[in-house]
1. What is the residue count in segment 154-190 for residues that are out of contact with any strand residue (DSSP E or B) (no Cβ under 8 Å at 6 or more places or on another chain), closer than 14 Å to residue 120 by Cα and of a type in the set (A, V, I, L, M, F, W, C)?
2. Tell me the residue from 120, 107, 75 that is part of a helix (DSSP H, G or I) and either at pLDDT 95 or above or over 17 Å from residue 164 (Cβ atoms) (or both), please.
3. Exactly one of these conditions fails for residue 60: (1) surrounded by 10 or more Cβ atoms within 10 Å (Cβ to Cβ); (2) touching a helix residue (DSSP H, G or I) at 6+ places or on another chain (Cβ under 9 Å); (3) at pLDDT below 90; (4) among the basic types (Lys, Arg). Give me its number.
4. Name the strands (runs of 3 or more DSSP E) wholly inside segment 133-191 in which the number of residues that are surrounded by fewer than 19 Cβ atoms within 10 Å (Cβ to Cβ), modelled with pLDDT of 90 or more and in contact with a Gly (Cβ under 8 Å, 6 or more places away or on another chain) is 3 or more.
5. Being at pLDDT below 85, of a type outside the set (S, T, N, Q) and either over 30 Å from residue 112 (Cβ atoms) or in contact with a strand residue (DSSP E or B) (Cβ under 9 Å, 6 or more places away or on another chain) (or both) is the filter here, so list the residues in segment 26-57 that pass it.
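The values are calculated or read from the model by the stated rules, or taken from the named source; none is laboratory data. Note that this is a predicted model, so its numbers are computed, not measured. When we count neighbours, we look across all protein chains shown, and the Cβ atoms used for this are built from the backbone with ideal geometry, even at glycine.
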Amino acid sequence: MAIQRSRVIGFVLMVLVAPVAVLAQSPAPTASEQKVLDGFRAKAKDYMDREHSLAADKMKPTTDVARLETQRKLLRDAVQQARIHAKQGDFFGEQTAEVFRKILADLFHGPDGKKIEASLNHAEPGAPAQFRVNEEFPNQNGQPIQSVPPTVLKALPALPKGLEYCIAGNTLALHDTSANMVVDYLPNALP
């Protein structure tokens, strides 16, 4: 009976103390950092709401690759015209860039850092790091792009459907998957 009681107490302590250890490894954002992240999330949602209201975003499911690329091109052209003055830093402004770099530095210098680096080094093809805002995503004619490890995705703000993060070299990019377009990118995002 005493052995079972000590096991139960040990289990309860582990459950209560483990979350504290996890918090110590990846600190929660401060109130000001959370405000910046909420602003980023709102910009991403606003972008998708506006993009999906465009007439060109009526892509029809198809197995015809040429037709799909034509639809993507039409959508990309419409989004480019709607964002004619888009530039690097529209989403990853100075404060946002600072918060993202801090989050990523904490991850890469934390206990899972080596695993994340190994995952990125062994992933499927990555896009070249020469991104240009409002231009076609540089993934060699629709080839799959490198996926971002789940550990990284959990730490970054969730994106609305149709947007995804991409890492190429040490750059973090925001990819519009429907238009296959670079929305914004953050150079020197990774330590």
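1. So the answer is 1.
2. Of 120, 107, 75, the one residue that is part of a helix (DSSP H, G or I) and either at pLDDT 95 or above or over 17 Å from residue 164 (Cβ atoms) (or both) is 107.
3. For residue 60, the failing item is (1).
4. Fully inside segment 133-191 and qualifying: nothing.
5. Residues satisfying the conditions are 51, 52, 54, 55, 56, 57.
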